[in-house]
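The values are calculated or read from the model by the stated rules, or taken from the named source; none is laboratory data. Everything numeric here is computed off the predicted structure, so don't read it as measured data. Cβ placement follows ideal geometry from the backbone for every residue including glycine, while neighbour counts extend to all protein chains displayed. For the accessible areas, the whole protein counts, side chains as well, though only heavy atoms, and no ligand, DNA or RNA atoms are used. Shrake-Rupley method; radii C 1.70, N 1.55, O 1.52, S 1.80 Å.
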Amino acid sequence: MADTVFKLNAAGRIALVTIDNGEDYRKPTTLGRSAFESAVGVLEQLENGDWEAAVFTGKPFVFCVGADIDELGNVQDPREGIHAGHELFGRIRALPFPTVAAINGAALGGGLELALHCTARTLANNVRHIGFPEVALSIIPGWGGTQLLPKLIGPEAAAKVIVLNPLRQNKLLKAEEAFELGIVDTLLDPVEFLDESLAFARELALERKPPDWSDVEAVLRKARSRVDDAVHGATRAPYVALDLIAGAQHWTIDEGYAAEEDAMAELLVSPQAQASAYAFTVVERRSKKPPALPDAKPRRVGKVGIVGAGLMATQIAALFVKRLEVPVVLRDIDQSRLDEALQTIRGEVSERKPFLATLVDGGTGWDQFAGCDLVLEAVFEQLDVKREVFAAVREIAPEAILMTNTSSLSVEEMGADVGLHFFNPVALMPLVEVVRHGGTSDEVLSTAWDTVRRLRKRGVIVGDSPGFVVNRVLTRVSRVLMDALENGNTAEETDEAMLALGMPMAPSVLLQMVGPRVALHVLETMHAAYPDRFPLSPALEQIANGEEPAATGDNRRTPEEIRRAVLEAAADEIRHMLDEGVVGDPADVDACLILGAGYPFFLGGITKHLEQTGIADFGKIPA
Amino acid sequence: MREARDVFFVDGVRTPFGKAGPKGQYWRTRADDLGVKAVRELLRRNPQIPVERIGDVAFAATAQVGDQGLTLGRDVALLAGLPESVPGFAVDRMCAGALTAVTAAAGEIALGAVDVAIAGGVEHMGHHAMGEEVEFNPRYLSERLIDESAAVMGNTAENLHDLFPAITKERADAFAVQSQQRATAAWENGVMRETVVPLTVFSDDGWKLAERDEFLRPETTMDALAQLKPAFRPGGRVTAGNSAGLTDGATASFLAAEGTVEELGLQPKLRLVAFAYAGVAPHLMGLGPVPATKRVLEQAGIALEDVDLFELNEPFAVQVLTWCDELGISADDPRLNPYGGAIACGHPLAATGVRLISQLAYGLRERGGRYGLTALCIGMGMGCAILWENVR
C-alpha cells in the first residue's frame, strides 16, 4: 500500500492539510511510520507559519482509518509507537491557532484520535464509519482516545463508543449518532463539505456543554457488567479501557497519555491482541481471496431453484431474491407449507422493493425448475431423499448447477455439484461453507464463490467430509461437554467452562438455539464416520427427548479441567481435518469459527489460542 | 400575438477558471461538480428566490459525454440539491452554450412557461478535448461544403488575419497585453469578488483552494509575446499569448420574469432587450459576432453609439479586432472588455456566456450606463449578440 502523506496547502491564511495515501477510497488511508514522518514535516510548517487556523481532512470519501494493522502486529517496542502518536497529536493540540478536523469520510481509531486533538470537528452527514475498533482487537485507542473522548462527551457516551460498541460486532457510528453524542460540533452536507468547513474554521465559535461526570461510578459499573456478559474476563482490553475512561475525569492530558502508554505496553504484547491481529488478517484478507479459489469465470445466474420450503429453505430463498434480484422458484411436496413459505418470502423481500415479490413462485412438482441456472436443495437430511431430488432436477434442468445446504452429509454421494452450507439464522450469520468434492469443476466452484459474494456472505472453501468445519469442531467440543454431564457435572459448570474462554454464548443456550434434535442428528452422522472420536451420547439423547441428562459415570471435573479437555479435543479434531485436507490451513478453520460460530477474535478463532497455550502446534506460520 | 413578458438577469456567478490538463487545478474535479458549485453559490447569494419556484435549469456543455453527459441541467439540479420537482435540460451551441441557455430560458420566461430559471454552462476541456467523439460527415469535404480549416478554431483565426491584413500580429499582441492588464486590475477591484466563487478542489498535492484564474499573467509584455511561436500554422500570427487557452470552468445565472421580480422583491441587474444569432462561413467563424451585433441593434432600434459597454469573448485577439474594425470601435476603447477577457481568464467554451453577462452587469453599474452588449463567436461559423439594459 502506498505511504500516507500529510499534504499542506494554504487557503488564504488557513492551513489546509490533507491526509492522503494517493489511492482511491478502496484503500483507506492509514497512519504508519512514514505517515508520522510526513506529519512532523507539516507540523513544523504549521508551528512556524503565520496561520489563522488549520483544517485537517482526508482524500475523497475517507478521513483516516487509524493505525496500520500490519505495523501494529510488529511490536518490538510497544511504547515507542504510542509515544510517537502522543507527541505528534499533542503538537497538533498545542498549535497556537484553532484547528478543525473536517471529517469527510471514515474516521476510525487513530484517525478519530487525530480529530479529537483538534479544537473542533465538522462531519459530512453521509459518513457511516466513525468509531474506535481497538477494543475489538483487544487493545485500546491509546493515542489519546481514552482521554479526550470522555473529556469531551462524558464517561457514559465514551464507554459506549470505546468499549461497548466494539463488543457489539464492532458497531460503528453514523454521522447523526456521532453528532448527537457530541463527538463533532456540526454536521454539514457533503456537497460543499470542505468549503463550508473552511468557513466554519474562519468563524469558529463553539457552544459545548461540559460533560456530565456526576454518575461516573454507576455508569462504569454498568458498563463493566456488560463487558462481563460479553467476554467473561477473557480479555483485558475492555476493562482497561473503562479504567482509563474513569481516570480521564481527574488526569491532565499528560497523565492520561502516560496511563495509555502503560496500558498499551501491557496490551499490545498480550496473547489476546496478537490473536486478534491474526484473526483480523484471516477474516479481512485471507478469506476474501483464498488461495483455493480457482481462476475460472463464474457462470451467470439468471434463475434459481430452491428445493424445500422449510425454515432454512425459506430464509435462503428470501436471501437469493433480495441479493440477486432474479426469479426464484421453490418446490415442496406440502402445498400448505409451500404457500406459507411463499407468503413469508414475498412479505420480506418486498419491504424495500415491491417488485421483488413478483420474482418468487413455487409448486409441488418439478416443472418450475426448467431453465434454472442454479438449484439448491434444503430438504430433510436424508441421503436417499436428496439423491431423488437431484435426479429429478437433473431431468428438468440438465444444465443447472446443483447445490446442497446439507450440514453434514456427503455432497458427492448425494449427487450435488457443490455444497453451500448456510447457518441459521441466515440473515445474521455471515458464513457459508463452500463445499467442494473431487467432481466439483473450477467453473462450478467459481460460480458458488461468486454467488456467496453476491449474497453478501462470507465463503470459506472446505472439503467434502462429514460436518465440514463448523459442525465438526462444535460437535467434537459439545461431545466433551456431554461427557462431563454424563459424569455428574452440571450444565452451569459446562457453561462456565466455555464462557471463561470468552465465548459469546453459553453452550446450554446454544444447544437450545440449534435444537437438541438437530445436534443429535449431527452427532449420529459424525459417529458413523468417526466412531472413536464421536461416541454416541446418552446425555444428548435425553436432552433431545426433553429429559434431564442423567449421570452414568462419576468422573466429575472442575470447569478448568473441562475447558482443558475441550481445547485438547478441538486441537485433535483440527489436526485430523488438516491431515484429511478438509481445509488447507488452520486459518480456514479460524475463519469458519469466527464467521460461523462467533468465536472471538482474541482467541484468533481457536488455533492461535491453542498454539499460545501450548495445547497444539500446527506447524504453520500464521497467515 | 400574445404579449411577451420582460426577462431580467438577476445574478450570475462563476468558478475561477483553470488550465485544462493534468497540471490544471480542476484535473481531478468533475465537470458537473463545477456546475453544482456555481449553482449552489448562486442559490446562496439569492436567498429570496424559493428553490421550488425555479421552473427550469438550462445548462450548456459542448462535449455532452462523460461527466458532462447526463442531461446537464437535470444532473446539476439534482446534485445541487434542488427539489426533484425542478426540471432541467442540456444545451449545446459550442462557445455560445451559456448564452443559448440564457436565451432559451428567457424564451420560457417570456412566454410565461416559467417565472424563474437557472441558466449556465460548464466545460472541462481537460477531460474533453475539442471535437471529442465528433465525426465529421465526409460530405463536408467531398462536396466542399466547408473549408477544412473550419474544423480547427486556431486556423479560422489565421484565416481572419489573411482576410484582414491590416490586423497584424502586433495589434493582436497589443490587445492581449491590454486584456491581461485590465484583468489584473479587475482582480484588485470588486468585479471578481462579486462574480467569482472560490472552491476547494482535490489534487495530487491534496485539497487546494481554487480562487484565481490560472491563465492570468499580469507580467505579460509585448516583447514576451513577440517571442512566442505561432501555434497553428508556420509563419502564422496566432500564438498562445494572443488567444485563450484550453480552460475548465463553470458559470450559472438566475433569470426571472417581470412581475416575479416584484413579487419576490428581487433586485435584478439587467433587462434583456433583444438577442440575435447569425451564421457566416464556417472557416471565418470569428466574423459571426459582426452580423449578430448589427442584427440585434436593428431589432431593438438602438444605435451602436447608444451602447455604453461591450463584453466580447476573446478566443483570439484577431477575432475581437475584426469586430472592432467592422463596427468602428477602437480596440482600446474603455467601453470594450473593461475587465479584460478570455485571453487573460480563459474560455471554457459553453460556460463563457454567463461570465460576459455578469461582468457586463457589474460594469454598467460601476461605470454607469444604460445599454450593454454581450457577443461571442461560435464554431462552424456563427455569432451571438445579446443586448441588455441596466436596471440598477
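With a ≥ b ≥ c the root eigenvalues of the C-alpha gyration tensor of the range A:305-407, is it rounded (a/c under 1.5), prolate (a/b larger than b/c) or oblate? Walk me through the intermediate numbers first.
Details: a/c = 1.80, a/b = 1.48, b/c = 1.22.
It comes out prolate by the Cα gyration axes.
In debye to the nearest 20, how big a dipole does the range A:397-445 give about its Cα centre with +1 on each Lys and Arg Cβ and -1 on each Asp and Glu Cβ?
Numbers: 1 positive and 7 negative charges, 45 e Å.
Rounded to the nearest 20 debye, it is 220 debye.
Quick one: with all protein chains in place, what share of the accessible area of the range B:263-351 is carbon or sulfur, to the nearest percent (1.4 Å probe)?
Numbers: 1300 of 2680 Å².
C and S fraction of accessible area: 49 percent.
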Scaled radius of gyration (Cα, divided by 2.2 N^0.38 Å) that the range B:1-159 gives: 1.17
Amide H proximity to A:Val435 below 5 Å, modelled H, separation 5+ or other chain, gives A:Gly419, A:Leu420, A:His421, A:Val462
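222 nm [θ] for chain A, helices only, -39500 (n - 2.57) per DSSP H run of 4+, per residue, to 500? Please list the in-between numbers first.
Working: 24 runs with 281 residues, N = 623.
Value at 222 nm, helices only, nearest 500: -14000 deg cm²/dmol.
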Ignoring ligands, DNA and RNA, what percent of the accessible area of chain A is carbon or sulfur (1.4 Å)? 50 percent
With a 10 Å cut-off between alpha carbons and a GNM built on chain B, which of B:Val65, B:Val177, B:Val36 moves the most? B:Val65
Using per-residue counts of other Cβ atoms within 10 Å, averaged over each peptide, order B:249-256, A:349-356, A:281-288, A:454-461 from highest down. B:249-256, A:454-461, A:281-288, A:349-356
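Ratio to report: Rg/Rh of the range B:88-147, with Cα atoms as the point set and Rh obtained by the Kirkwood method; give two decimals. Walk me through the intermediate numbers first.
Working: Rg = 16.1 Å, Rh = 14.1 Å.
Result: Rg/Rh = 1.15.
Compute, for the protein assembly as shown, the length of the dipole vector about the Cα centre, with Cβ point charges of +1 (Lys, Arg) and -1 (Asp, Glu) only. Units Debye, rounded to 20.
Numbers: 96 positive and 140 negative charges, 351 e Å.
The calculation lands at about 1680 debye.
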For the range B:172-211, state which residues have at least 10 Å² less accessible area in the presence of all protein chains than in their chain by itself, taking the probe as 1.4 Å and leaving out ligands, DNA and RNA. B:Thr200, B:Phe202, B:Asp204, B:Asp205, B:Gly206, B:Trp207, B:Lys208, B:Leu209, B:Glu211
Amide H neighbours of A:Lys171 under 5 Å, counting only residues 5+ apart in sequence or on other chains, H built in-plane at 1.01 Å? none
Where the Cα pairs of the protein assembly as shown fall when distances are cut into 10 Å bins, in %: 2, 10, 15, 16, 15, 14, 12, 9, 5, 2, 1, 0
Report the rotationally averaged projected area of the range B:134-257 based on its alpha-carbon convex hull, in square nanometres. 13.1 nm²
Connecting every pair of Cα atoms under 10 Å apart in chain B and solving the GNM, the largest mean-square fluctuation among B:Ala240, B:Ala350, B:Ala361 falls on B:Ala240
What translational diffusion coefficient, to the nearest whole µm²/s, does the range A:466-515 have by Stokes-Einstein, given a Kirkwood radius computed over alpha-carbon pairs, a temperature of 10 °C and 1.306 mPa s viscosity? 141 µm²/s
At 25 °C in a medium of viscosity 0.890 mPa s, the range A:500-612 has a Stokes-Einstein diffusion coefficient, with Rh taken as the Kirkwood radius over alpha carbon pairs, in µm² per second, of 156 µm²/s
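Could you work out the relative contact order of chain A? I mean the mean sequence separation of Cα pairs under 8 Å and 6+ apart, divided by the number of residues, in percent. Could the numbers behind the result be given before it?
Numbers: 1202 pairs, mean separation 65.8, N = 623.
Worked out over chain A, it gives 11 percent.
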Can you work out the Karplus-derived ³J(HN,Hα) for every residue in the range B:269-283? Use 6.51 cos²θ - 1.76 cosθ + 1.60 with θ = phi - 60°, whole Hz, and x for glycine or proline. 9, 9, 10, 6, 8, 6, 9, 8, 10, 9, x, 9, 4, x, 7
Among B:Thr62, B:Thr15, B:Thr239, which one shows the highest mean-square fluctuation when chain B is modelled as a Gaussian network with alpha-carbon springs under 10 Å? B:Thr239
So the carbon and sulfur contribution to the accessible area of the range B:1-102, 1.4 Å probe, in percent, is 53 percent
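Using only the alpha carbons of the range A:88-195, what is the convex hull's orientation-averaged projected area in square nanometres? Could the numbers behind the result be given before it?
On the way: hull surface 25.5 nm².
That works out to 6.4 nm².
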Along its three principal axes, how long is the range A:360-476 when you only count alpha carbons? Whole Å, largest extent first please. 40, 30, 28
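If you take the Cα atoms of the range A:1-159, find Rg, then find the Kirkwood Rh from the mean of 1/r over all pairs, what is Rg/Rh? Walk me through the intermediate numbers first.
On the way: Rg = 14.7 Å, Rh = 15.7 Å.
The Rg/Rh ratio comes out at 0.94.
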Would you work out the relative contact order for the range B:223-297, in percent, from Cα pairs under 8 angstrom that are 6 or more residues apart? 15 percent
Among residues of the range A:187-201, a drop of 30 Å² or more in 1.4 Å probe accessible area, assembly relative to the chain on its own, occurs for A:Val191, A:Glu192, A:Leu194, A:Asp195
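To the nearest hundred square angstrom, how large is the accessible surface buried between A and B, total for both chains, probe 1.4 angstrom? Could the numbers behind the result be given before it?
Working: alone 26500 and 15460 Å², together 40670 Å².
In total, chains A and B hide about 1300 Å² from solvent.
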The protein assembly as shown, accessible area per residue, ligands and nucleic acids excluded (1.4 Å, Å²): 40 Å²
Taking each residue in A:54-61, count the Cβ atoms of any other chain within 10 Å of its Cβ, then average. What number comes out? 2
In nm, spacing of pseudo-spin labels at A:Glu207 and B:Glu326 (7 Å Cα→C-beta vector): 6.1 nm
tail above 13 Å in the computed P(r) of the range B:299-353, as % of all Cα-Cα pairs, reads 62 percent
With N residues in the range B:224-263, Rg(alpha-carbon) / (2.2 N^0.38 Å) equals 2.31
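Which whole-number percentage describes the relative contact order of the range A:158-285, with Cα contacts under 8 Å and a sequence gap of 6 or more? If you can, show how the numbers build up before the last one.
Details: 47 pairs, mean separation 33.0, N = 128.
Reported relative contact order: 26 percent.
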Under the classification rounded if a/c is under 1.5, otherwise prolate if a/b is larger than b/c and oblate if not, where does the range A:387-450 fall, given a ≥ b ≥ c as square roots of the Cα gyration tensor eigenvalues? prolate
Using the structure shown, list the pairs from A:Lys151/A:Lys171; A:Lys289/B:Lys208; A:Lys222/A:Lys288; A:Lys59/A:Lys322 with a Cα-Cα distance above 26 Å, or answer none. A:Lys289/B:Lys208; A:Lys222/A:Lys288; A:Lys59/A:Lys322
Estimated dipole of the range B:292-392 in Debye, rounded to 20 [Cβ of Lys and Arg +1, of Asp and Glu -1, Cα centre]: 340 debye
